[in-house]
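Remarks on the structure that follows.
The values are calculated or read from the model by the stated rules, or taken from the named source; none is laboratory data. The structure displayed is predicted, hence computed values, not measured ones. Note that each Cβ is placed from the backbone with ideal geometry, even for glycine, and that neighbours are counted across all protein chains shown.
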Amino acid sequence: KINMFMLRTIRLTTHHTRFFSTEASQKISRIGFVGLGNMGFRMCKNLMKKGFDVTVYDKNQDVLKQFEKEGASCANDPKKLVSSVDCVITMIPNGPDLMSLYTPEVISSFKPRSLVIDSSTVEHTVAQDLEAKFKQWMSRSSMHQYQEEYWPLKMLHLHL
């Protein structure tokens, strides 16, 4: 397993910042990447160059074929991707596409303790709406009841 490193501070919304040690508390063995456009394409390539085991999903089938040729696993839908990885990184170009990606079926397919990193190009209000959507559907699922101190998904909204 490869150890995943993070920044010391990660801005969650305009009002919340959480602090992490430089080393994540769990090891990430498989990363899912959704959104292989201008930014996502390069970021995913760099993860692969560093040796991460990556599963990808994008609407563009040509891009998926290119990543498959280079050794990435391809998921034919987001539900299969999130159920097979420890960490999901989304790099979506707009709010409506990001919100439509995370259906109740997709959200309930995450493995417990999954790390979700959203680096999409969206307004902070969209990130807040997405977090609320996760809390709503995860509390209804059979995984874990939402509690502030133990959240089954760690959701990080990166505003770079």
*Output the residue which, of all residues in region 29-63 that are in a loop (DSSP other than H, G, I, E, B) and acidic (Asp, Glu), is modelled with the highest pLDDT.*
Asp58
*Would you be able to say whether some residue in region 86-100 is in contact (Cβ under 8 Å) with a residue 12 or more places away in the chain and touching an Asp or Glu at 6+ places or on another chain (Cβ under 6 Å)?*
yes
*Out of (1) under 20 Å from Gly32 (Cβ atoms); (2) assigned to a loop (DSSP other than H, G, I, E, B); (3) modelled with pLDDT under 85, what's the single condition that is false for Pro93?*
(3)
*In region 80-105, how many residues are within 12 Å of the chain's Cα centre (by Cα) and more than 14 Å from Arg30 (Cα to Cα)?*
6
*Counting just the residues of region 72-90 that are modelled with pLDDT of 95 or more and farther than 20 Å from Pro112 by Cα, which one comes out surrounded by the most Cβ atoms within 10 Å (Cβ to Cβ)?*
Ala72
*Restricting attention to region 105-126, which residues are over 18 Å from Tyr57 (Cα atoms) and in contact with a Phe, Trp or Tyr (Cβ under 6 Å, 6 or more places away or on another chain)?*
none
*Only residues that are among the aromatic types (Phe, Trp, Tyr) and within 16 Å of the chain's Cα centre (by Cα): list them for region 45-79, please.*
Phe52, Tyr57
*Please work out if Lys79 is within 17 Å of Lys133 (Cβ to Cβ) and not in a strand (DSSP E or B).*
yes
_For region 46-71, which positions are of a type in the set (D, E, K, R), more than 20 Å from Gly95 (Cβ to Cβ) and surrounded by fewer than 17 Cβ atoms within 10 Å (Cβ to Cβ)?_
Lys49, Lys50, Asp62, Lys65, Glu68, Lys69, Glu70
*If you check Glu131 against the conditions, is it within 15 Å of the chain's Cα centre (by Cα), assigned to a helix (DSSP H, G or I) and at pLDDT 80 or above?*
yes
